[in-house]
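What follows draws every value from the coordinates through simple rules; no lab data is involved. Remember, predicted model here, so these are calculated numbers, not experimental data. Every residue, glycine as well, gets a Cβ built from its backbone with ideal geometry; the counts of neighbours run over all protein chains shown.
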Amino acid sequence: MNRSLKIGLTVASAMVLIACDPHGRAYEDLRLMRLTEGESSELDVRALFGAPSAVRDLSGGKGLVYPLGPEGPYTLLIKIDAKGKYQGRDNLLTRANFDRVTRGMKDVDVLVMLGKPGRAEKHPLKQQSSWEWRFLDGSTERVFVVTFDATGTLVEAAVEEEARRFGGR
């Protein structure tokens, strides 16, 4: 292997390691590198990310919801314990969470589960509305779409191909 290729691979490997948390998970946002579980405070999180789009009650603390967008592929739930310390994060936009979204749910329940959608549209003639979240499915960007009737009840949910990959909107 030639010398410049070895150096390039070494640098790339180091960058991959640097962009991972202590558990080996890739950071969804590089600001997360500045937070330390059990040490950083809620104030530190808010200083880095600003005001959350929502705050949830969690067992033993609370969750601060941060959509990374607009229309970004991640919505983070940053966990804060009862003492106000950062306890890690979860990405809400996962196949596991999408599988929990079922027909008959109310729009407010979907909002709590997934966070604010990247896109929302009303369809007056059909008396429906739809919400979309872009997300990463492995390394492929896809869209999760939910449709509600006029009462805010979920009538359809589907994972779709990202139209922009094929020259669409």
Segment 14-84, Rg to Rh (Cα coordinates; Rh as Kirkwood inverse mean 1/r): 0.96
Based on the alpha-carbon set only, what is the convex hull volume of segment 95-166 divided per residue, in Å³? 85
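Pairs of Cα atoms under 8 Å, at least six residues apart: use those to get the relative contact order of segment 95-166, whole percent.
Relative contact order for segment 95-166 comes out at 28 percent.
Which pairs, out of Lys62/Lys106; Lys83/Lys106; Lys62/Lys122, put more than 24 Å between their alpha-carbon atoms?
Lys83/Lys106; Lys62/Lys122
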Surrounding net charge for Leu154, when Lys and Arg each add one and Asp and Glu each subtract one, Cβ distance under 11 Å: -2
Give a quick list of GluC sites (Glu not before Pro) in segment 35-75 that DSSP marks as loop, anything other than H, G, I, E or B, with at most 16 other Cβ atoms within 10 Å. Glu37, Glu39, Glu71
